[in-house]
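The values are calculated or read from the model by the stated rules, or taken from the named source; none is laboratory data. Predicted, not measured: the structure shown is a model, and the values here were computed from it. Cβ placement follows ideal geometry from the backbone for every residue including glycine, while neighbour counts extend to all protein chains displayed.
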Amino acid sequence: MKFKKGEKVQVKQDLVVNVNYYNETTGTSDVFSHRMLKFRGKEAFIEEVSEYGYTLNIDRLHVYTDTMLQYPTEPLTGGPSQASHEVERIVQHFEELGVKQIIDKALDERLYEKDTEAFLAIIKQNKTKN
């Protein structure tokens, strides 16, 4: 069976009444009934596991199968603004890394001795990015 007793799961939101849903490992199935509709999208804990499926703490009457359940989806704790901030931070990190690599390459090639003007141009151009 896909899930274990005591695990937190979520009843999938897109389940359709009178459709057979299967267990991935045993091949057994069960029908999603209209009485189970009120549990779509709800989180629960698995209380019992059998070859036919799972009994949930929020609905001890019905058996749920592997394909009726999923692990809960956790939203970002800080919402969209936190995600945007994290993306900006990552982009800035890679930009700084790119600048460092360009300057390191110029230094490794001793461009400051061979072509001082080109070296200063690289420094000037990348100084504003950092």
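Could you grab me the full set of residues in the range 53-63 that are surrounded by fewer than 17 Cβ atoms within 10 Å (Cβ to Cβ), part of a strand (DSSP E or B) and in contact with a helix residue (DSSP H, G or I) (Cβ under 8 Å, 6 or more places away or on another chain)?
Selection gives Leu61 alone.
Going by the structure shown, is Asn23 at pLDDT below 80, surrounded by 12 or more Cβ atoms within 10 Å (Cβ to Cβ) and on the phi < 0 side of the Ramachandran plot?
no
Identify the residue in the range 88-130 that is of a type in the set (Lys, Arg) and assigned to a helix (DSSP H, G or I) and, among all such residues, is modelled with the lowest pLDDT.
Result: Lys127.
What tally of residues in the range 1-20 results from selecting those that are exposed (fewer than 12 other Cβ atoms within 10 Å of the Cβ) and among the aromatic types (Phe, Trp, Tyr)?
0
Please work out which residue is surrounded by the most Cβ atoms within 10 Å (Cβ to Cβ), limiting yourself to the range 26-52 and to residues that are among the charged types (D, E, K, R) and within 13 Å of Met68 (Cα to Cα). Steps first, answer last, please.
Kept after step one, since they are among the charged types (D, E, K, R), are these residues of the range 26-52: 30, 35, 38, 40, 42-43, 47-48, 51.
Imposing the further condition that a residue be within 13 Å of Met68 (Cα to Cα) reduces the set to 30, 40, 42-43.
Numbers: Asp30: 18, Arg40: 15, Lys42: 14, Glu43: 15.
The residue in question is Asp30.
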